[in-house]
Amino acid sequence: MTDRLLVVENLRTTFRTVSGVIPAVGGVSFDLGANETLGIVGESGSGKTVLARTIMGLQPRTNIEVSGSVLLNGQQVVGASERVMREMWATQVAMVFQDPMTSLNPVMRIGRQIDETLRVRLGMDRRAARARAIELLNMVGIPSAEARYRAFPTELSGGMRQRVVIATALACSPKLLIADEPTTGLDVTIQSQILNLLDSLKQQLDMSVILITHDLGVVATRTSRIIVMYAGQIVEMGATRDIFHHHRMRYTRALLDSSPKVANPSHTRLAVIPGRPPNLSTLPPGCHFAPRCAFATEQCHRERPTLQAADSPGHVFACWNPLAASTNEGDSTR
Ligand SMILES: Nc1ncnc2c1ncn2[C@@H]1O[C@H](COP(=O)(O)OP(=O)(O)OP(=O)(O)O)[C@@H](O)[C@H]1O
Ligand SMILES: [Mg+2]
C-alpha cells in the first residue's frame, strides 16, 4: 500500500540480557495513513515504548536484534545507517518521550535546547534558529514565548515543560509524531489541554500521530484506530469505535474496565486485571494472556492464537475463546 505513511511488517525487537533473551516486540504488523491518529494501548511492559523507539530507529546497536520491516514514507528504517536515520529525524519522524524531565536538559535554557535541534538537524544559523524557536513556543501555546525562551525547564510547570518537549519534537516539521504517554504525571485538566494541543497541531501541520498510553480514556475520542498490545504483540486492533464497543478480547475488556471512566467520580476504585504480565524471557507456549484469563480453555494454554478477522473491516483479534460479537455493545462507554 503505497499511500501509507508508515508500514510495519513482522517487526521483532529482541534484547539479549544476562537474564535471558527478551522478545520485547514479537512480530508486529500494522500501517498508518497520512493525517491519521493511531492509539497504542497496553499494560506496563507490553512493549509500547520499545516498539516506538524501534520505529524511530533509536535502539542501541549492541545486545539487540531487530528484524522485519519499518517503511516510513517508503524508506526502510530497520538496518538503516546513522546518516539515513539523521535525515529521517530531520524531516520525517519525531518522538515525545515518556518522561519530559529526562528529555529536557535541566541546566540549559529551553530556547537553546530548541535552537540546538534546529541548528544540528536543519543547519540553521543562530538568528534563524532563535526566530523559529520562538515561533514554535508560540505554536504550542506558551505565553510570553520570548521571555520563556530564556527560562530553565525547572522554572516551568509540568504542563508547560511538556509543551516545550512537543515544540522540540515539532522543530523539524515531522510527518509522523510519536507521543509516548505524553500526559503521564499531569493533572486531568492539563492532560486534556496537552491532548487538545496535539490534536490541533496535527490538523495544522498535516501530521500523523501515534498516541501511546496505558489509559484507554486518553485515546477514546482522539484516535481513529487503536492497537492493543500484550507481551510484545498485537492482540486486538481496529477502529476506535470497534475497540470500545465490539472488542472481542477479554484482555481489551479488562483494560477498559481498569481505566478511569469519565462518568465516574475520581475516587472510584478501579477494577484491576488479576495476575501479572508474563516474564518475556519465559513466555508460555499458548496464548500469553491465558494464565490470567478466567475463560482460558485447554487449547488456550497449548496453542498460540493468531490474529483473525472480526466483523468490521480492519478489526482483528487473537483469541480462541473470544467475547461474542454482539454482547459487549455499550458496556464500556465512557
Ligand atoms: N534496553 C532493554 N534491555 C532489556 N529489556 C528491555 C530494554 N528496554 C525494554 N526492555 C523490556 O522490554 C519490555 C517492554 O518494555 P517497554 O518499555 O516497551 O514497555 P511499555 O509498554 O512501554 O511499558 P510502560 O507502560 O511501563 O511504559 C519490558 O519487559 C522491558 O523490561
Ligand atoms: Mg513505555
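The values are calculated or read from the model by the stated rules, or taken from the named source; none is laboratory data. Note that the coordinates shown come from a computational prediction; the quantities given were computed from them, not determined experimentally. Methodologically, a virtual Cβ is constructed for each residue, glycine included, from the backbone with ideal geometry; neighbour enumeration extends over all protein chains shown.
Brief remarks follow.
- Qualifying residue in segment 75-84 (condition: surrounded by 15 or more Cβ atoms within 10 Å (Cβ to Cβ) and within 19 Å of the chain's Cα centre (by Cα)): yes
- Residue among Leu71, Leu51 that is more than 7 Å from ligand 1 (Cβ to nearest atom) and either touching a strand residue (DSSP E or B) at 6+ places or on another chain (Cβ under 7 Å) or without any contact (Cβ under 8 Å) to a residue 60 or more places away in the chain (or both): Leu71
- Close contacts from segment 15-39, counting a first residue that is farther than 21 Å from Leu201 by Cα and touching a residue at least 40 places away in the same chain (Cβ under 8 Å) and a second that is in a strand (DSSP E or B) and charged (D, E, K, R), with Cβ to Cβ under 7 Å and a gap of 6+ residues or different chains, come to Pro23/Arg12; Val25/Arg12; Gly26/Arg12; Gly27/Arg12; Ser29/Glu9.
- Selection of first residues in segment 272-297 that are assigned by TED's automatic domain parsing to the domain that holds Met249 and at pLDDT below 90 and of second residues that are surrounded by 14 or more Cβ atoms within 10 Å (Cβ to Cβ) and acidic (Asp, Glu), restricted to Cβ pairs under 6 Å at least 6 apart or on distinct chains, gives the following pairs, ordered by first then second residue: Pro277/Glu43.
- Pick from segment 14-25, criterion in a strand (DSSP E or B) and among the aliphatic types (A, V, I, L, M), ranking: farthest from ligand 2 (Cβ to nearest atom): Val21
- Residue match in segment 139-154 (condition: within 23 Å of the chain's Cα centre (by Cα) and either polar (S, T, N, Q) or surrounded by fewer than 16 Cβ atoms within 10 Å (Cβ to Cβ) (or both)): no
- Single match in Val28, Val70 (criterion: part of a strand (DSSP E or B), within 16 Å of ligand 2 (Cβ to nearest atom) and not basic (Lys, Arg)): Val28
- The number of residues in segment 75-88 being in contact with a strand residue (DSSP E or B) (Cβ under 9 Å, 6 or more places away or on another chain) and not aliphatic (A, V, I, L, M) comes to 3.
- Any hit, segment 26-42, residues being farther than 22 Å from Val209 by Cα and touching a strand residue (DSSP E or B) at 6+ places or on another chain (Cβ under 9 Å): yes
- Which listed residue, of Leu118, Leu177, is under 21 Å from Gly57 (Cα atoms), in a strand (DSSP E or B) and at pLDDT 90 or above: Leu177
- Out of Glu135, Glu155, Glu87, Glu146, sole residue that is assigned by TED's automatic domain parsing to the domain that holds Thr189 and acidic (Asp, Glu): Glu87
- Candidates Asp99, Asp31 - the one that is within 12 Å of ligand 1 (Cβ to nearest atom) and among the charged types (D, E, K, R): Asp99
- For segment 35-59, filtered to residues that are away from ligand 2 (no atom under 16 Å from the Cβ) and assigned to a loop (DSSP other than H, G, I, E, B), the residue that is surrounded by the fewest Cβ atoms within 10 Å (Cβ to Cβ) is Asn35.
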